Amino acid sequence: MRAPFVLVSRLPLASGLRHHQNRGFAAAALAPLRSEVTEDVGSGSGQYSPVASSQKCGSCGKPLKPVQTVNSSNRYLHCTDCNSLFVTSSGSANFNKWNALKSNETMVKRPPYPREIAEYLEKYVVGQNAAKKSLSVGIYQHYRRLANNAENNAQNYLSQGQAHPHHGNAMNFPQAQAQAAVGHLDYGHDPQFSKPVRIEQPPHTQAPMFRAIPEKETSVRLDKSNILLVGPSGVGKTYVTQVLARILDVPIALSDCTSMTQAGYVGEDVENCCAKLLQNAQNNVERAQQGIVFLDEIDKIAAAGDSHGHAYRDVSGEGVQHALLKLVEGTVVNVKSGRKGPGQQDTVPMDTTDVLFVASGAFTGLERIVGQRLDKRAVGFGASTAIHSVTKDDSDQALINQKRDKLFSQADQGDLIKFGIVPELVGRFPVLVPFHSFDKSMLVRVLSEPANSLLAQMKYQFAMDGVDLDFDPEALEEIAHLALERKTGARALRSIVEKVLLLPKFEVPGSDIASVQVTRGAVQGTESCSYRRREQTAEQEAPEPVAIGAS
Ligand SMILES: Nc1ncnc2c1ncn2[C@@H]1O[C@H](COP(=O)(O)OP(=O)(O)OP(=O)(O)O)[C@@H](O)[C@H]1O
Ligand SMILES: [Mg+2]
């Protein structure tokens, strides 16, 4: 069995990053600095626990000492003898997973490039190219940042250890302090001194010990750039994050802000998103601290403003925003660990400094705020005929969408503040990504193009009964047209298609129907879907017409 920790580096650490790059991408997520695996010397209990003194250096066999880090978990182990630094794994379970991954074909030697992430998104998400780009870059930079900062932490530790030759390294600090406390300095067997010299000091004059300020900062620490997705309803804000979640190599938590309340109120605590992250990281705090939190529907915690009146919350929404502030910025929160038992803590401290936050919201009415800012003439937009009046004309709707998209793409942080998000929170989301709305042709693409598209799903459902399902191109256009009228983006597509296919879904199982053809008339409700039965080749009408409406 392998040890639950791996060698990071021996001094000097110059080649550390090169090692990391060569060792495989999944390794970066499990333990960012893996470079060489030691033999089994630990207990391998499978629990993430403080390191026992019995663990020995894989290089020289001397006992390892844990390095004190800012958070409670002992991540690094140091061999004072040969100056090797090890990073602990979260336990044998993850370590075995890492070994399994290592032998797996899915391993790559680097994080996926933004272009590759975008290509993957392309298979599932129609349009939204700006969002795909921003998210791909955000995710890639997140991976890079994790690797870089972990490398820096290790390097800083080692350079600190060298900076105080007279006091040993940072870990000997308490020992030196203890000596000062008892008021004597023992020079041991140095031949320079004929006999040990004792310097008596009254307790109140004990000299305190301070850590020296480093002469120069050797490394650049990368800060995160949280992302805010803004756009109308049903255009893929939540969907794109769900698709991304499938390929992420770090723990993720999808959280909905709608149910979040201030501490003390009935509802979900803000810190719950961290609890989810920890849960998805199998209770491994170190891994959870490198995760990504998706905060959906963040506009629902906006304080009431001029633009949206009572549709949103009052001051309590602002309270939630303030609670989110610290979390997004980076703080240590006590998170329920999900573990209970003798000697085990119910809560664990978790640092959110490195957690990437991706928030999204429809921000209905934001276009008016942007319009007011950009042009006095735009004040009327939305408030007058254009957006609130019910228009049957397709081109009008397309024009409105076009205008709205343009305004959304020009939205800035100030507009969000006016919308009711506190400036401090807005400031913590430096990347603002606008989503565009869909026109008819795009809705047709959403219906049919993506892997796992709605049509593919429906065809699969019928194929399970041995029946072919086909849609006329005009039928698809009609579905898109009806969906556009509902003004809920791509969300309306499913309900329209389900309605059209209700009767065939009822009639097909156990019948002699071989294929179903959906026509424009069937979508409009003026005729029924046409069936081809096994015995007869001639088309036969279904008994009842399927009536569907636009609402
Ligand atoms: N760009 C897209 N490509 C493919 N399918 C999409 C796209 N946008 C939306 N969809 C489909 O529409 C559904 C609803 O989209 P989604 O939940 O992402 O909306 P949203 O933008 O989060 O809206 P809201 O602001 O109302 O939450 C998705 O489940 C998906 O099936
Ligand atoms: Mg959503």
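Quick notes
- Taking a sphere under 15 Å around the Cβ of Leu121 and counting the other residues whose Cβ falls inside, with K and R at +1 and D and E at -1, yields a net charge of +3.
- In nm, spacing of pseudo-spin labels at Glu329 and Thr488 (7 Å Cα→C-beta vector): 3.9 nm
- Length gained when the stretch Arg534-Ser495 is fully extended (0.36 nm per residue, less Cα-Cα span): 11.1 nm
- For the stretch 128-143, 3J(HN,Hα) per residue [Karplus equation, 6.51 cos²θ - 1.76 cosθ + 1.60, θ = phi - 60°, Hz, x = Gly/Pro]: 6, 5, 4, 5, 4, 5, 4, 5, 4, 5, x, 5, 4, 5, 4, 4
- Extension gain from Asp81 to Leu399, taking 0.36 nm per residue of separation minus the Cα-Cα distance: 107.2 nm
- Subset of Lys406/Lys487; Lys133/Lys459; Lys276/Lys505; Lys237/Lys326; Lys123/Lys406 violating a 29 Å alpha-carbon distance limit: Lys133/Lys459; Lys276/Lys505
- Available extension along the chain between Ser59 and Ser219 is 54.9 nm, counting 0.36 nm per residue and deducting the alpha carbon span.
- Taking label positions 7 Å along the Cα-Cβ direction at both Arg373 and Ala130, the computed distance is 1.3 nm, reported to one decimal.
Bear in mind these aren't lab numbers, they're just calculated from the coordinates by the rules spelled out. Only a predicted model underlies this, so the values are computations on that prediction, with no experimental measurement involved. Note: ideal-geometry Cβ built from the backbone for every residue, glycine included; neighbour counts use all protein chains shown.
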